[in-house]
Amino acid sequence: MLDNTKVPGLAIDRVGKVFQQAGKPDFRALDDVSLTIRPNEFFTLLGPSGCGKTTLLRMIAGFEHPSEGEIRLDGDPITGLPPNRRPVNTVFQNYALFPHLSVAANIGFGLEMLKKPRAEIEATVAQMLRLVRMEEMADRKTSQISGGQQQRVALARALAPRPRVLLLDEPLSALDLKLRKEMQIELKRMQAETGITFVFVTHDQEEALTMSDRIAVMSAGRVLQVGAPRDIYDRPANHFVANFIGDSNFLTGTVVEMSAGLVSIRLVNGAVLEASVPSSVTFGATATVVVRPEHAVLAAPGEGVIAGEVETVIYFGTDTHFHIRTGEGATFIVRQQNRRGDAAVAQRGEAVSIHLPPGVATVLAGEA
Amino acid sequence: MRARPATARAGQKATDVRYQPGFFTVALVCLIVLYAPIFVLVGLSFNANTVVTSWTGFTLDWFAKAVQNDDFYSAAANTLTISLSATVFSTMLATAAALGTTRGQPWRGQGAAYMTISLPLMVPEIITAVATLAFFSLLASVFGINFGIGNLIIAHTVFCIPFAYMPIRARLEDMDLTLDYAAADLYATPWATFWRITLPLLLPGIIAGAALAFIVSFDDFTITQLVAGPGQTTLPIYIWAKIRRPLTPEVNAMCTVLLMISVFFVSFSAFIGGRRR
Ligand SMILES: Nc1ncnc2c1ncn2[C@@H]1O[C@H](COP(=O)(O)OP(=O)(O)OP(=O)(O)O)[C@@H](O)[C@H]1O
Ligand SMILES: [Mg+2]
C-alpha cells in the first residue's frame with residue numbers, strides 16, 4: 001500500500017488484544033477497534049469497568065502490544081516503538097509521581113531524559129508550574145502535597161515535554177466531587193492553552209458528556225458508537241449506549257409508516273408515535289424506540305399517548321423524577337424541571353398520561 | 001453506659017498476650033537468658049584479674065593487648081577483606097536476582113527460582129560447608145585451581161546471597177511498578193529508568209541487605225573453618241583457637257570489639273530500613 005497522504009492525528013486501525021493466561025482460556029480484551037482521533041481533539045473513551053479502556057490506552061503509550069492491527073501517529077506506525085520513543089505521555093490513574101524527587105524535578109524529568117539544555121528545562125518547568133498553579137510548591141516532596149495537587153503535578157509532568165498526544169486514565173476518579181468539577185474545568189483550559197490532543201478515559205458518563213469533543217462508547221472490548229456528546233445522547237446507536245449514557249425509556253412497536261428520516265411506530269397499546277431514524281428500518285418490522293426522561297411530559301389522563309399511574313416521586317432539587325407504571329406493566333421515567341414555588345405536578349398513586357412531543361423518540365438501530 | 005468501654009477493654013485484654021498471667025515473668029527470663037551472658041562477657045573484658053571468673057578491678061589493658069596482637073590484626077584484616085568483598089558481590093548478585101524474580105514479564109520457573117535462591121537459608125550450615133570444601137578440593141586436585149583467599153570470598157559470597165536477597169526483594173515488592181512505566185513514558189531508556197528511579201528507591205533495601213550479608217559473613221565460623229587454608233585465619237576462628245588455650249580476658253576484649261562492630265551494622269541497617277517507610 002502506498003501511504004503518501006500523512007493523515008494527521010492518532011489512528012487506531014483494527015486493533016485487537018488477546019491476553020494469554022496460564023491454565024485458562026485466552027481472553028480477548030479488545031476486538032477490532034478502529035478510531036481516528038484528530039489533532040487537538042478532546043477525545044474520551046467511555047465504558048463500564050473491564051471494557052478495555054486501560055488496555056487500549058496502554059497500547060497507545062506502548063506498554064502493551066496489540067495482537068492485531070496497527071496504531072499510527074500522524075501517518076507513521078508507532079506500534080513497534082518502545083514507550084520511551086513515542087511522543088505520547090500519560091497521566092496515570094494513581095499519578096505515579098516519583099517519591100524521591102521534588103515537584104519541580106518530577107515535572108522536569110521528561111525534558112531531562114530528552115537531554116534538553118538546563119536553561120530550557122528550568123524555563124519549561126517554571127511555565128508548567130504556573131499553568132497548574134503550583135509555583136509555591138516547586139521544592140516540596142510529592143508526599144507533602146494534597147491529592148488534587150498531586151494530580152496537577154502529574155498533569156504538568158506529562159505536559160512538560162509537549163507530547164503530541166496526552167493520555168489520561170481516569171485522572172479525576174480519586175478526587176472528591178467539588179475538586180473534580182474544578183479539575184474538569186482546569187483540564188479543558190489546559191487543553192485549549194496547549195493545543196495537545198487529549199485521550200481521556202472515564203467510566204463517568206456525565207464527565208464524558210461535559211468535557212469531550214467526541215466520545216467513543218465501549219463495551220466488552222468493542223467500540224459501539226463514536227460521536228459528539230450530543231449525537232451520542234440524542235441518537236444512541238443501540239440499547240447499550242442509550243442505557244449507559246443517561247437514563248432512558250424503551251418502547252417497542254411496529255413500523256407502520258416511513259418517510260425521510262422519520263417513521264411512525266404503532267406501540268403495543270395501539271398509540272402511534274413519530275420517531276427519528278438514524279439508519280434504515282423495514283416496513284412492518286418491530287422496532288425499539290428510546291425516549292429520554294426529560295423529553296417526556298406528564299399530562300392529564302387521556303391527553304398523552306401512554307396511560308399510567310404514578311408509582312414513585314423522587315425530588316432531586318433541580319428536578320423531580322416520576323416513575324410511571326404504564327398499562328403494559330413497564331416503568332416509564334419522566335423528569336420534570338422544578339420551578340420555584342411549584343408543588344409537585346403529580347402525586348403518588350395518581351392516574352396520569354405521558355405526552356411525547358414530536359421528535360423526542362429515536363429508533364435504535366439493529367434492534368428487533 | 002459506663003460499663004461498655006470497660007468490657008471492651010477487658011475483651012481486648014483477653015486476646016492481648018501482654019495481659020496474660022505470667023507474661024512479664026516469662027519475658028524477663030527470656031531476656032535475661034538471651035542477654036546476661038553477653039553483658040557478663042563485655043563486663044569481664046574490663047576485668048583487671050587474669051582469671052576470667054573473679055572481678056578484681058577495672059582496666060582497659062586487655063583491649064590494648066588485643067589491639068597490639070599481630071595475629072589478631074591479621075585475622076581482622078582477613079575477615080574484613082573477605083566480608084567486604086563477599087558483601088559487595090553478594091549484594092550485587094542478590095539485587096540482580098531480586099529484579100529478575102519480581103520485575104518484567106512473569107516467566108516459567110519464577111517460583112522455582114525464588115525457592116532455589118532462598119533454600120540455602122534452610123540447609124544446615126555444616127552441609128553447605130562440607131559441600132563447599134568438597135567443591136574446592138575437587139577444583140584443586142582435578143584442575144589444580146586454588147584462588148587462595150578468593151576461595152573464602154567465593155564461599156562467603158554464595159552463602160550471603162539469600163540473606164542479601166530477602167530485604168531487597170521485600171523492598172521491590174513494595175515498590176509501585178507504575179513508577180517504572182511512568183519513567184519509560186517520560187522518555188527514560190530502561191537503563192536510565194534503573195539508575196534514576198528503581199535504584200534510588202531500592203537503596204534502603206540494598207543497604208539493609210548488604211548490612212545483613214556483612215554480619216553473616218563477618219561472624220561465619222563453620223564454612224570458614226572448613227574452607228580456610230593456612231594463613232587465612234579469620235576473627236571467629238582466631239578467637240575459637242584462643243579459647244582452647246588458658247582463657248584470658250583478652251578473648252573477652254576481642255569478642256567485645258566484634259560485638260560492637262555487629263551492633264553497629266545491625267543498627268545501621270535497621271535505621272536505613274526504617275527510614276522512608
Ligand atoms: N495482563 C492481563 N492479563 C489478562 N487479562 C487482562 C490483563 N489486563 C487486563 N485484562 C483484562 O482485560 C479486560 C480489560 O481490562 P482494562 O484494564 O482495559 O479495563 P478498563 O476498561 O480499563 O476497566 P476499569 O474501568 O475497571 O479500569 C478486563 O477484563 C481485564 O480483566
Ligand atoms: Mg482502567
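The values are calculated or read from the model by the stated rules, or taken from the named source; none is laboratory data. This one's a predicted model, so the numbers in the text were calculated from it and none came from an experiment. Using ideal geometry, Cβ is built from the backbone for each residue, glycine included, and neighbour counts are taken over all protein chains shown. Protein only, heavy atoms only, side chains kept; ligands, DNA and RNA dropped before computing areas. Shrake-Rupley method; radii C 1.70, N 1.55, O 1.52, S 1.80 Å.
Can you spot a residue in region A:139-152 that is aliphatic (A, V, I, L, M), within 18 Å of B:THR178 (Cα to Cα) and not in a helix (DSSP H, G or I)? Break it down stepwise before answering.
At the first step, the residues of region A:139-152 found to be aliphatic (A, V, I, L, M) are A:145.
Applying the additional criterion that residues be within 18 Å of B:THR178 (Cα to Cα) yields none.
No, there is no match, as no residue in region A:139-152 is aliphatic (A, V, I, L, M), within 18 Å of B:THR178 (Cα to Cα) and not in a helix (DSSP H, G or I).
Quick check, is A:VAL33 within 11 Å of chain B (Cβ to nearest Cβ), within 16 Å of ligand 1 (Cβ to nearest atom) and touching a residue at least 24 places away in the same chain (Cβ under 8 Å)? It would help to see each step written out before you state the result.
On the way: within 11 Å of chain B (Cβ to nearest Cβ): no; within 16 Å of ligand 1 (Cβ to nearest atom): yes; touching a residue at least 24 places away in the same chain (Cβ under 8 Å): yes.
Here the answer is no, as A:VAL33 does not meet what is asked.
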Worksheet item: For A:VAL33, all conditions in the list (1) away from ligand 2 (no atom under 16 Å from the Cβ); (2) closer than 25 Å to A:LEU166 by Cα hold save one; what is the number of the exception?
Response: (1)
Item to complete: Taking B:LEU199 as meeting all but one of (1) within 14 Å of chain A (Cβ to nearest Cβ); (2) within 30 Å of B:ILE149 (Cα to Cα), write down the number of the exception.
Response: (2)
Practice prompt. Select from region A:65-103 the residues that are open to solvent by 40 Å² or more (accessible area, probe 1.4 Å) and more than 8 Å from every other protein chain (Cβ to nearest Cβ) and list them in ascending order.
Written response: A:HIS65, A:SER67, A:GLU68, A:GLY69, A:GLU70, A:ARG72, A:ASP74, A:ASP76, A:PRO77, A:GLY80, A:LEU81, A:GLN93
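Considering every residue within region A:155-174, establish whether at least one is on the phi > 0 side of the Ramachandran plot, more than 16 Å from ligand 1 (Cβ to nearest atom) and at pLDDT 90 or above.
Start the filter on region A:155-174 by keeping residues that are on the phi > 0 side of the Ramachandran plot, which leaves A:162, A:170.
From what is left, the residues that are more than 16 Å from ligand 1 (Cβ to nearest atom) are A:162.
Of the ones still in play, those that are also at pLDDT 90 or above are A:162.
Yes - at least one qualifying residue is present in region A:155-174.
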Discussion item. Just checking: which of the strands (runs of 3 or more DSSP E) contained wholly in region A:276-323 hold 2 or more residues that are more than 16 Å from A:ASN249 (Cα to Cα)?
Written reply: A:306-315
Practice prompt. Test each condition in (1) part of a helix (DSSP H, G or I); (2) open to solvent by less than 20 Å² (accessible area, probe 1.4 Å); (3) farther than 30 Å from B:PHE135 by Cα for B:ILE168 and report the one that comes out false.
Written response: (3)
Item to complete: Would you mention how many residues in region A:153-189 are under 16 Å from A:VAL199 (Cα atoms), within 16 Å of ligand 2 (Cβ to nearest atom) and in a loop (DSSP other than H, G, I, E, B)?
Response: 4
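Please list, ordered by residue number, the helices (runs of 4 or more DSSP H) wholly in region A:203-247 having 3 or more residues that are among the charged types (D, E, K, R). Steps first, please.
Working: elements: A:205-211, A:229-234, A:239-244.
Passing ranges, in order: A:229-234.
Does at least one position in region A:189-212 carry a residue that is within 16 Å of ligand 1 (Cβ to nearest atom), among the acidic types (Asp, Glu), away from chain B (no Cβ under 14 Å) and surrounded by fewer than 19 Cβ atoms within 10 Å (Cβ to Cβ)?
Here is the first cut: in region A:189-212, the residues within 16 Å of ligand 1 (Cβ to nearest atom) are A:199-208.
Okay, now just the ones that are also among the acidic types (Asp, Glu), so A:204, A:206-207.
Those left that are additionally away from chain B (no Cβ under 14 Å): A:204, A:206-207.
Pick out the ones that are also surrounded by fewer than 19 Cβ atoms within 10 Å (Cβ to Cβ) and you get A:204, A:206.
Yes.
Return yes when A:ARG130 is in a helix (DSSP H, G or I), charged (D, E, K, R), open to solvent by less than 50 Å² (accessible area, probe 1.4 Å) and under 24 Å from B:TYR187 (Cβ atoms) and no when it is not.
Working: in a helix (DSSP H, G or I): yes; charged (D, E, K, R): yes; open to solvent by less than 50 Å² (accessible area, probe 1.4 Å): no; under 24 Å from B:TYR187 (Cβ atoms): yes.
So A:ARG130 fails the test.
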Worksheet item: Applying the selection to region B:237-271, what residues are open to solvent by 30 Å² or more (accessible area, probe 1.4 Å) and either touching a Phe, Trp or Tyr at 6+ places or on another chain (Cβ under 6 Å) or among the charged types (D, E, K, R) (or both)?
Response: B:LYS242, B:ARG244, B:ARG245, B:PHE265
Practice prompt. Determine which single condition B:THR234 fails, assuming it passes every other condition in (1) open to solvent by 10 Å² or more (accessible area, probe 1.4 Å); (2) within 22 Å of the chain's Cα centre (by Cα).
Written response: (1)
